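Values in this text are rule-based calculations from the coordinates and carry no lab data. Bear in mind the structure is a predicted one, so any value in this text is a computation, not a measurement. For neighbour counting, all protein chains shown are included, and Cβ atoms are generated from backbone atoms with ideal geometry for every residue, glycine included.
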Amino acid sequence: MTRRASLPGAAELFRTTAVAAEPEPPPPPAHPGVGAVPPVREVPAEPEREQAASRPNLSSAPTGPARAPVRNTRRIRAVSENGPSGRERHDEKITVYCSPDELLDLESARLTLRAEHGLAIDRGRIVREAVAVVLADLEAKGEASILVRRLRE
């Protein structure tokens, strides 16, 4: 008799419980062959996707069947739209390393925003806001921007 607990597998934990309105297409063959192009599933267009489709494609990186869908176009914002993205799903990710003091300052700012200003936001949102402010300053002031001055120190 083993002392290990018997736990359900991922298939049981994450199974679909809602009835699908549209039947799923059959899965592609296990190995389509050398040089075969995987089938593309049609997805109904949404307003944001229609706008992205009208922009030029700046990326020529091929996407394989095992990769998650990635936006192939660069998002170009209008001048009045230079704010950060806020609360939305983000598909792109970067890793930023910081010192313990910088992380403590960031967490302290988050707690201050919550306690004194009633803004319950996460550290990622603070970072996106800060990046938006610095990039707007760089675009507006160029050589005189705080980013250029600090990086030259």
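Summary table
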| item | result |
| --- | --- |
| Residues of segment 117-135 that turn out to be aliphatic (A, V, I, L, M), assigned to a loop (DSSP other than H, G, I, E, B) and under 22 Å from Ile94 (Cα atoms), as a count | 1 |
| Cross-chain or 6+ apart pairs with Cβ under 6 Å, segment 136-153 first and part of a helix (DSSP H, G or I), then of a type in the set (S, T, N, Q) | Ala136/Asn82; Asp137/Ser145; Leu138/Ser145 |
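One line per residue, one yes/no per condition, for (1) surrounded by 12 or more Cβ atoms within 10 Å (Cβ to Cβ); (2) of a type outside the set (D, E, K, R):
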| site | (1), (2) |
| --- | --- |
| Pro100 | no, yes |
| Leu103 | yes, yes |
| Leu106 | yes, yes |
| Arg110 | yes, no |
| Ile126 | yes, yes |
| Glu139 | no, no |
| Ser145 | yes, yes |
| Arg150 | no, no |
